[in-house]
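The values are calculated or read from the model by the stated rules, or taken from the named source; none is laboratory data. Not measured: the values here are computed from a predicted model. Virtual Cβ from ideal backbone geometry, glycine too; neighbours counted across all protein chains shown. Note: areas computed on protein heavy atoms with side chains; ligands, DNA, RNA excluded. Shrake-Rupley method; radii C 1.70, N 1.55, O 1.52, S 1.80 Å.
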Amino acid sequence: RKDIRALSIPANEIAASVGNERAANMVMLGAYIACTKVVSKESITEGLKELYGAKVKAFEANVRALEEGMKFIQPKT
């Protein structure tokens, strides 16, 4: 099939590099939305604000993981 794209994402390593080893899922989500544009980064960020509320460190770590996942997919120049 030509409509499938398989990528290898070092999600655990990227999550650890941003200081939250448990944020590998956010790394993968960032990579997914960078590939598909199915949802905006802003809508995910707003959802994270609602989810984490006053837990600023957790919110920031998850946003960093999301951004790093997106960066991993972006073409290297």
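Overview of values
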{"read-out": "Leading residue by the ranking (farthest from residue 7 (Cα to Cα)) among those in segment 49-75 that are aliphatic (A, V, I, L, M), assigned to a helix (DSSP H, G or I) and open to solvent by 50 Å² or more (accessible area, probe 1.4 Å)", "value": "56"}
{"read-out": "Tabulated pairs, segment 12-29, first more than 10 Å from residue 62 (Cα to Cα), second of a type in the set (Asp, Glu) and open to solvent by 20 Å² or more (accessible area, probe 1.4 Å), C-beta under 9 angstrom, 6+ apart or interchain", "value": "12/21; 14/68; 17/68"}
{"read-out": "Within segment 1-37, tally of residues that are among the charged types (D, E, K, R) and modelled with pLDDT of 95 or more", "value": "1"}
{"read-out": "Output for segment 1-48, where each listed residue is surrounded by fewer than 16 Cβ atoms within 10 Å (Cβ to Cβ), in a helix (DSSP H, G or I), among the β-branched types (Val, Ile, Thr) and touching a helix residue (DSSP H, G or I) at 6+ places or on another chain (Cβ under 8 Å)", "value": "45"}
